[in-house]
Amino acid sequence: MTMHLIPKPLLFHSNDWDFDTIRRIYDACERIALGELGLDVYPNQIETITAEQMLDAYSSSGMPLFYKHWSFGKHFAHHEAVYRRGFGDLAYEIVINSNPCISYIMEENSATMQTLVIAHAAFGHNHFFKNNYLFKQWTDADGILDYLDFAKNYISECEERYGHLAVERLLDAAHALNSQAVHRYPRRTKPDLRSEERRAEERRRHDEQMYNDLWRTVPKSDKPRSGVSDEERRRALLQLPQENVLYFLEKTAPKLAPWQREVLRIVRNVAQYFYPQRQTKVMNEGCATFVHYKIMSRLHEQGMLDDGSYFEFLKSHTNVTFQPKYDDPRYGGLNPYAIGFAMMCDIERICAEPTEEDRQWFPDIAGSGDGMAVLRDVWANYRDESFLLQFLSPKLMREWRMFHVVDDPERPELRVDAIHDDRGYRRMRRALARQYDVAWTDPDIQVVDVDLAGDRRLILHHNVVNRLLLEADDANRVLQHLADLWGYDVLLKEIDTATGMVLKEHRASAQPLGR
């Protein structure tokens, strides 16, 4: 007996769409994502917005609710000019790591592109946000939207009460320290953003009490210094050394008013919210791109997308996953969509049809037969650095023609350090993974001491690796913002971690934030 697959009706017959079409598209994508791919997602909320609204959201870090700041307007003007002149495209979608997961789709998208966007964002990104361990540790998807609403209203009230200029200067200084405003290791409790508004007043009272207790430890001029006990107590109160510079300022800067401390906390919480996304760009986009490819292909196989729509999808997908070669004027490093998608497909291949080389390199997954189970485990338990270090295969390195070049500033020539052999594969993989390790790429700057008995100067150390110093002009500008928030002089020492030598010093004196 011959079995014939009865095709399902097309989801749409033209590029035009209405909300009934979106509902049919969503239901079809959901059936494949949950039933066939085994994804686990937050409830979805699909919002349709105009190109201008997409520009606005894109310029403010993709947040639907956000406080106002001149830098967002600058980004908006830039992106709008590029888009209107036809020099660049807009993102087809923006997705928010929240519960429910909000996906913004543009009115201008065709029905095919709306299908692609829903598959990519509402199911690919959504699954990754809900299941990856970094997002579980660092983000509060249930409370982020309420917190953003609180932050927006709070800063607006501060502008009305204290003046637009004072708030803008404070935000300028806080934004300058964004990269030094995160805890890099999990805290004892997960962030609970829903309670932030209720706890704001309690926190201010606590901070004022801590401030008073801290500055009572300053030795009096008519008494001898008490030595170890005061020193230990002072460092315990200051939580030194402290890698989260904005947290330190929020808690202990002597001249900040309570409302200024709350604004610093808002900036710091938002920076912490984005911290997992910085570490999972390749995996997050690779996951979403792989999911949308699977869903769109299955819709076409089932007869729900016609050939014209499928070719439209393939054109967009190919553009997204295009990787320029190193000598191409468009080259700007590895495209996270391209390398992420290629690695997801490669893992699926290794699970289904492994070579002998695959069995040697990936004995735990080679030939397992269930690629989606392996991928779901990968998406849950790795970040970019560990993902590349564990799963970048020799086959993919050969296909991408990877090689490792060392640029030693003390030598006049470049050196090819790794090629396509067993040792070279491992060295290339380690070198590439290191480029995605924030512990390696971000400067390690910590607050180490405060001269409470003298001029109250704040002392920071930059732990220098491979003698890579901070760019002097940028360091001095950021240090000036830091001094303005601290209220007294600031000293930053760049120290070689190998020898302990001080390689360079930067200094800044405070200027009143109210000016």
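The values are calculated or read from the model by the stated rules, or taken from the named source; none is laboratory data. These numbers were taken from a predicted model, which means no experiment stands behind them. Methodologically, a virtual Cβ is constructed for each residue, glycine included, from the backbone with ideal geometry; neighbour enumeration extends over all protein chains shown.
Kindly establish whether GLN446 is surrounded by 14 or more Cβ atoms within 10 Å (Cβ to Cβ), modelled with pLDDT of 80 or more and among the polar types (S, T, N, Q). Criteria met by GLN446. Selection of the range 142-168 for residues being of a type in the set (S, T, N, Q) and either outside any helix (DSSP H, G or I) or touching a residue at least 60 places away in the same chain (Cβ under 8 Å) (or both) yields only SER156. Let me spell it out: the conditions are (1) among the charged types (D, E, K, R); (2) within 27 Å of the chain's Cα centre (by Cα); (3) modelled with pLDDT of 90 or more, and GLU36 meets all of them except one. Which number is the exception? Failing condition for GLU36: (2). Residues to consider are VAL448, VAL416, VAL405; find the one that is assigned to a strand (DSSP E or B) and under 24 Å from PHE322 (Cα atoms). Result: VAL405 is the single residue among VAL448, VAL416, VAL405 that is assigned to a strand (DSSP E or B) and under 24 Å from PHE322 (Cα atoms). Which condition does GLY371 not pass, out of (1) within 13 Å of GLU348 (Cα to Cα); (2) surrounded by 14 or more Cβ atoms within 10 Å (Cβ to Cβ); (3) without any contact (Cβ under 8 Å) to a residue 24 or more places away in the chain, if it passes all the others? In the conditions (1) within 13 Å of GLU348 (Cα to Cα); (2) surrounded by 14 or more Cβ atoms within 10 Å (Cβ to Cβ); (3) without any contact (Cβ under 8 Å) to a residue 24 or more places away in the chain, GLY371 misses (3) alone.
This table checks each residue for (1) modelled with pLDDT of 90 or more; (2) surrounded by 14 or more Cβ atoms within 10 Å (Cβ to Cβ); (3) not small (Gly, Ala, Ser).
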| position | (1), (2), (3) |
| --- | --- |
| GLU107 | no, no, yes |
| SER110 | yes, yes, no |
| ALA122 | yes, yes, no |
| ASN132 | yes, yes, yes |
| LYS152 | no, yes, yes |
| TYR162 | yes, yes, yes |
| VAL182 | no, yes, yes |
| ARG199 | no, no, yes |
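Just the residues that are in a loop (DSSP other than H, G, I, E, B) and either within 21 Å of GLY124 (Cβ to Cβ) or touching a strand residue (DSSP E or B) at 6+ places or on another chain (Cβ under 8 Å) (or both), please, taken from the range 307-350.
Matches in the range 307-350: THR321, PHE322, GLN323, LEU334, ASN335.
On the stretch given as the range 237-271, residues that are part of a loop (DSSP other than H, G, I, E, B) and over 20 Å from ALA166 (Cα atoms) total 5.
Against the test of being at pLDDT 90 or above and under 29 Å from the mean Cα position of the chain (by Cα), the options MET397, MET402, MET501 yield a single qualifying residue, MET397. Does ASP474 satisfy the criteria of being of a type outside the set (S, T, N, Q), at pLDDT 90 or above and loosely packed, with under 15 Cβ neighbours inside 10 Å? Judged against the criteria, ASP474 is a match.
If we scan the range 486-500, do we find a residue that is in a helix (DSSP H, G or I) and in contact with a Lys or Arg (Cβ under 9 Å, 6 or more places away or on another chain)?
Yes, there is a match, as at least one residue in the range 486-500 is in a helix (DSSP H, G or I) and in contact with a Lys or Arg (Cβ under 9 Å, 6 or more places away or on another chain).
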